[in-house]
Every structure is written in structure tokens, then in C-alpha cells.
């Protein structure tokens, strides 16, 4: 991985689709919880509220704000990616060492999302123009998102069948 010629950066569209997958997955997991807690009227309330940041309860605040932060940082730390990035063969690594980032770096990267969001999502759009495909949050946290496709053609049939034995 340290060989600079083999590094392939995950680009804007791949990373955008990963975020869409993560959002869809989290929404699918949360919807039944909200129905169980609040009933179907919860979704009607969400569509009719005029509050800038609508919060239905402390539980909802935890499930929609705090839990995603904790889960994202945990996934970054243990798997070097969120589920969406894993499905699209992406890994988040330290930009200097190409090794997985540590807790502090993962936490700072999440915090630096604000730097990417605030100026009209420019920090995310920048991914499409940067030669290392880094957003503002990546540059500030000193991380990179790599595209590391698994080449199943080079894996023997025996290795592919091991999990099923």
C-alpha cells in the first residue's frame, strides 16, 4: 500500500454514492424504531413541522444526531470505512502513512465535516477537483479515501469457499 504507484483515490461520485447508501441504510434501520416508539403519526409530524431543527423527543435526538456520530466514528476506527464505503471498496486512511486512522483522527475528521459543509458544501465538492480527491475535512484531518477493489479473479476457489465450510 505504501507504493505510491498503486494508490487509487476514491473520487467524488463513488464517495457520494457511499453517503447515499449509508443514509438509506440508517433510515431503513431507524424507521421501524420510530414507528414502534411514536407510531405512524411521527412521520406525519415530521412532514408538517415548520421548526428549523425539528426534535420530537430526547430519544429522537439521540437516534438521529448522536447515534450516527458515534456509529460513523466507530466504523471509521474499526473498519476504516462506513458500510456504504465498504460496499464500494473504499477505505479511509492516514494521508501520510496510508495506515488506518486512529480514534482522535476519526473524531477530528467528523468535526471537520463542518468545514466542508458550511461554505455551501464546497469542501465536499472540492473532492472532484483535488488531485488526491480530498475534501476540506480530509485535508484538515490528514486523511485520504482510497478505492481498494478486491480482485476475486486472483483468489482461489478454495479461499472463496472457506467462509462456507
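I'd like the residue in the range 125-156 that is modelled with pLDDT under 90 and not in a loop (DSSP other than H, G, I, E, B) and, out of all such residues, is farthest from residue 98 (Cα to Cα). Looking at residues that are modelled with pLDDT under 90 and not in a loop (DSSP other than H, G, I, E, B), I get 153. Can you pull out the residues in the range 82-118 that are in a loop (DSSP other than H, G, I, E, B) and within 15 Å of residue 139 (Cα to Cα)? Those that are in a loop (DSSP other than H, G, I, E, B) and within 15 Å of residue 139 (Cα to Cα): 95, 96, 97, 98, 101, 112.
Among the candidates 37, 25, 63, 30, single out the residue that is at pLDDT 95 or above and assigned to a helix (DSSP H, G or I).
Matching residue, one of 37, 25, 63, 30: 25.
Would you mention how many residues in the range 58-70 are more than 18 Å from residue 141 (Cα to Cα) and in contact with a helix residue (DSSP H, G or I) (Cβ under 8 Å, 6 or more places away or on another chain)?
Here is the first cut: in the range 58-70, the residues more than 18 Å from residue 141 (Cα to Cα) are 58-68.
Next cut, in contact with a helix residue (DSSP H, G or I) (Cβ under 8 Å, 6 or more places away or on another chain) only: 59-60, 63-64, 68.
Summing the residues that are more than 18 Å from residue 141 (Cα to Cα) and in contact with a helix residue (DSSP H, G or I) (Cβ under 8 Å, 6 or more places away or on another chain) in the range 58-70 gives 5.
All conditions but one from (1) modelled with pLDDT of 95 or more; (2) touching a helix residue (DSSP H, G or I) at 6+ places or on another chain (Cβ under 6 Å) apply to residue 122; the one that does not is (2).
The values are calculated or read from the model by the stated rules, or taken from the named source; none is laboratory data. Remember, predicted model here, so these are calculated numbers, not experimental data. Backbone-built Cβ (ideal geometry, glycine too); neighbour counts: all protein chains shown.
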